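Q: Structure incoming, see below.
What follows is calculated from the coordinates using simple rules that are stated; it is not laboratory data. Since the structure is predicted, the reported quantities are computational estimates derived from the model, not experimental observations. Reconstructed Cβ throughout: ideal geometry from the backbone, glycine too, with neighbour counts over all protein chains shown.
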Amino acid sequence: VKYNPNQGEYVANFAYYLFKNNYPYSKSFLLYALQTPRDSSKYPNTYMIELAAAMALQAGDDKGAVGSLLAQFYTTDDQQKRCQNMLNYPQTYPELVPIAEKVLAIIDQQNSSGANPVPAACLPPYNWVVGSSN
């Protein structure tokens, strides 16, 4: 079966290209792309939210980056998979590892207080992927 990307995936790839190549107005395009309508049965495009976190981090906005990844965690249907994806950041998004550590600490704190029970993959000890994807 041949893979057929949808319009949202094309938009996400284009936004990533603009951002990584420091094109002017890439942030504005990303914010526009995040507003692209999606099927009501799907949660928000997590790739674009990770990109928003990377852009916030690049701009020196750690709180914005943490907020983006927390929003991503809380809007996903599969929180365990989301945590596993964050634990892959040493390979996939190394610049977001310090932000993911803060997000996981917040998630753990909320779980410990009983405010938001979470899957085991989201709790310490964390099973970080080690190594590089290169």
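Q: Most exposed first by the Cβ proxy, i.e. fewest other Cβ within 10 Å, how do 49, 99 rank? Mind showing how you got there, number by number?
A: Working: 49 21, 99 26.
Going from sparsest to densest Cβ surroundings: 49, 99.
Q: While we're looking at this one, here's another question. Please report how far the C-alpha centroid of the range 58-94 lies from that of the range 12-28, rounded to the nearest whole angstrom.
A: Cα centres, the range 58-94 to the range 12-28: 19 Å.
Q: I would also like to ask the following. Can you give the three extents of the C-alpha atoms in the range 7-122 along their principal axes, from longest to shortest, in whole Å?
A: Principal-axis extents of the range 7-122 (Cα, largest first): 43, 33, 23 Å.
Q: Taking the Cα centre of the range 7-122 as origin, sum charge times position over the Cβ atoms of Lys and Arg (+1) and Asp and Glu (-1), and report the length of that vector in debye to the nearest 20. It would help to have the intermediate numbers written out before the result.
A: Values: 8 positive and 10 negative charges, 32 e Å.
For the range 7-122, the charge dipole is close to 160 debye.
Q: Can you order the peptides 23-29, 87-93 by their average number of other Cβ atoms within 10 Å per residue, highest first? Don't skip to the answer; put the middle values down first.
A: On the way: 23-29: 13.1, 87-93: 16.7.
Ranking the peptides 23-29, 87-93 by packing returns 87-93, 23-29.
Q: Note the count of lysine pairs whose C-alpha atoms are less than 26 angstrom apart in the range 7-122, limited to pairs 8 or more residues apart or on different chains.
A: 10
Q: Same structure, new question: Along the positive direction of the dipole of the range 7-122 (beta-carbon charges: Lys, Arg +1; Asp, Glu -1; about the Cα centre), which of 73, 16, 89 reaches farthest?
A: 16
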